[in-house]
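Structure, as structure tokens:
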Amino acid sequence: MPETSQSLPLLPGFLAERPLFLIDSARVVSHRDFLNQADALARTLPTAPYLINLCNDRYLFALTFAAGLIRGAVSLFPPNRLAATAHEIASEYPGAVCIADTPVSGLALPLDIVEAPDSLARVERAMPFIAADREVFIGFTSGSTGQPRSHPKRWGDLVGCARAAARRFGFGPEYSIVATVVPQHMYGIELSIMVPFATGAAVAAARPFFPADIRDALASAPAPRILVTTPVHLASCVEAGLTWPAVDIVISATAPLSQTLAERVESLLSTQVLEIYGSTETGSIASRRTCRDPAWTWYDSVRPLREADGISVKADFLPAPTMLADLLELDGNGGFHLLGRAAEMLKVGGKRASLADLNGKLTAIEGVRDGVFVAPDGDRDPVGRLAVIAVAPGLTRQTLIAGLAGRIDPVFYPRRVVFVDRLPRNEAGKLPRESLLRLLETPTRGEQDAD
């Protein structure tokens, strides 16, 4: 069946014998093998309208997602792998079952442990076609309350967004992708699942976490290589003192990336660092080269619309104009500057700042490996009540304030500074607000208040 505006193939970038998944340095799964294995798995999955995909391994995650597409099931992608989260999501989607590659502690729902079907017993199958307007997965974000919020996605929109990203970054079947981000997150599924599906690029099955593991995964992947990651992972990599293989492109998202860190990464890896802007609601819609471009550039089909309460965007991969949660300043060159989330704008003593901007200034201080400003819950005018939680070995509150001097207005200096070994980031690199507040509620030896 040829591709039409009404239906699209499961693997739009199908290249029969080319590698699609890199299992390790010696094993690969071709496009043809993946297609046949997905079809075989679809025949053994439990009968259910919804599949809660908890797979850690990127290949098994993608195989389960593809099998669900073939079966007609809707995949549910929770924001974490906690049993409580799966239970909460399942309560809203009757008949849901969980699919995982390892047991899940405390899970009371039906669970099917998935393994790759025996490729030797495969039967050649025709390419499945998926209706472009079919809802194929629902992503969930925790939000500020911690309650999962649902974001349904249609097949045609996913393929369109992946193709737009591929055009922006020049992705093709010759590239190998190594990703540190979880595939259940919108950034992860788009860059490490849908882009390979749409372009034929190969992707590593593993999700490396530590710098040495990231280095080894890159070394095992054929050149040219793309690293899809987060600022936290990049900061760890530049501090690790390792020798790195050639990396053509580094892509970063999930948190603001400082120009200083981007410059260090470009120097260390002899690469270019590109930052993605987007959201779970829209997928990726803009990018910039952080070292050189303070402004963001929209993807080729994205058009911003001024609304009374902010900016919405239209794109050929969005079903309708979508309102953005961030405050943007549109420039005269067709791009924009990111001011921060509307919900995270602070007003102190008549002066305004965004938490995102404050965090960017904080992490640009030499010696700060990671850090975040925290405002009291629900308080948009937190005079004298701002706090900072930082990973900054060897620094004191005084040296941190000195580093902020000249970067931010003194009214935004934190009253409290809590030094920790690591911030409570989740698997997607996000910082759940409830985790930050728990840190502030618990006295620590690393806490330093203003005199």
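Descriptive notes on the structure:
- Scanning the stretch 36-71 for residues that are open to solvent by 40 Å² or more (accessible area, probe 1.4 Å), basic (Lys, Arg) and assigned to a helix (DSSP H, G or I) gives a single hit, ARG71.
- Subset of the stretch 81-117 [assigned to a loop (DSSP other than H, G, I, E, B), out of contact with any helix residue (DSSP H, G or I) (no Cβ under 8 Å at 6 or more places or on another chain), surrounded by fewer than 18 Cβ atoms within 10 Å (Cβ to Cβ) and of a type outside the set (Gly, Ala, Ser)]: LEU82, TYR93, PRO94, THR102, PRO103, PRO110
- Inside the stretch 271-296, residues that are part of a strand (DSSP E or B), under 21 Å from LEU227 (Cβ atoms) and of a type outside the set (A, V, I, L, M, F, W, C) make up a count of 9.
- Output for the stretch 21-42, where each listed residue is more than 17 Å from PHE129 (Cα to Cα), of a type outside the set (Asp, Glu) and out of contact with any helix residue (DSSP H, G or I) (no Cβ under 6 Å at 6 or more places or on another chain): LEU22, ILE23, ALA26, ARG27, VAL28, VAL29, SER30
- In the stretch 432-445, residue modelled with the lowest pLDDT [restricted to those that are assigned to a loop (DSSP other than H, G, I, E, B) and either open to solvent by 40 Å² or more (accessible area, probe 1.4 Å) or of a type in the set (Gly, Ala, Ser) (or both)]: ARG445
- Any hit, the stretch 261-274, residues being under 25 Å from ALA162 (Cα atoms), at pLDDT 90 or above, touching an Asp or Glu at 6+ places or on another chain (Cβ under 8 Å) and open to solvent by 10 Å² or more (accessible area, probe 1.4 Å): yes
- Single residue of the stretch 118-156 satisfying the filter (touching a helix residue (DSSP H, G or I) at 6+ places or on another chain (Cβ under 6 Å) and at pLDDT 90 or above) that is most open to solvent (accessible area, probe 1.4 Å): ARG134
- Some residue of the stretch 317-339 being in contact with a His (Cβ under 7 Å, 6 or more places away or on another chain), in contact (Cβ under 8 Å) with a residue 12 or more places away in the chain and charged (D, E, K, R): yes
Matching residues to (1) of a type in the set (Val, Ile, Thr); (2) modelled with pLDDT under 90; (3) assigned to a strand (DSSP E or B); (4) under 30 Å from GLU239 (Cβ atoms):
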| residue | (1), (2), (3), (4) |
| --- | --- |
| PRO304 | no, no, yes, no |
| PRO319 | no, no, no, no |
| PHE336 | no, no, yes, no |
| GLY360 | no, yes, no, yes |
| GLY367 | no, yes, no, yes |
| PRO376 | no, yes, no, no |
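- ALA26 falls short of the stated requirement of being surrounded by fewer than 18 Cβ atoms within 10 Å (Cβ to Cβ), of a type outside the set (S, T, N, Q) and touching a Ser or Thr at 6+ places or on another chain (Cβ under 8 Å).
- Odd one out for ALA246 among (1) outside any loop (DSSP other than H, G, I, E, B); (2) touching a helix residue (DSSP H, G or I) at 6+ places or on another chain (Cβ under 9 Å); (3) at pLDDT below 95: (1)
- Within the set ARG32, ARG43, ARG18, ARG71, the sole residue that is of a type in the set (Lys, Arg) and touching a strand residue (DSSP E or B) at 6+ places or on another chain (Cβ under 7 Å) turns out to be ARG18.
- Whichever residue in the stretch 179-221 is of a type in the set (Ser, Thr, Tyr) and in a helix (DSSP H, G or I) and, among such residues, is most open to solvent (accessible area, probe 1.4 Å): SER220
The values are calculated or read from the model by the stated rules, or taken from the named source; none is laboratory data. Treat the numbers as computed from the prediction; the structure is a model and nothing was measured. Counting neighbours? That spans all protein chains shown, and the Cβs are built from the backbone with ideal geometry, glycine included. In case anyone asks, the SASA skips ligands and DNA or RNA and just uses the protein heavy atoms, side chains included. Shrake-Rupley method; radii C 1.70, N 1.55, O 1.52, S 1.80 Å.
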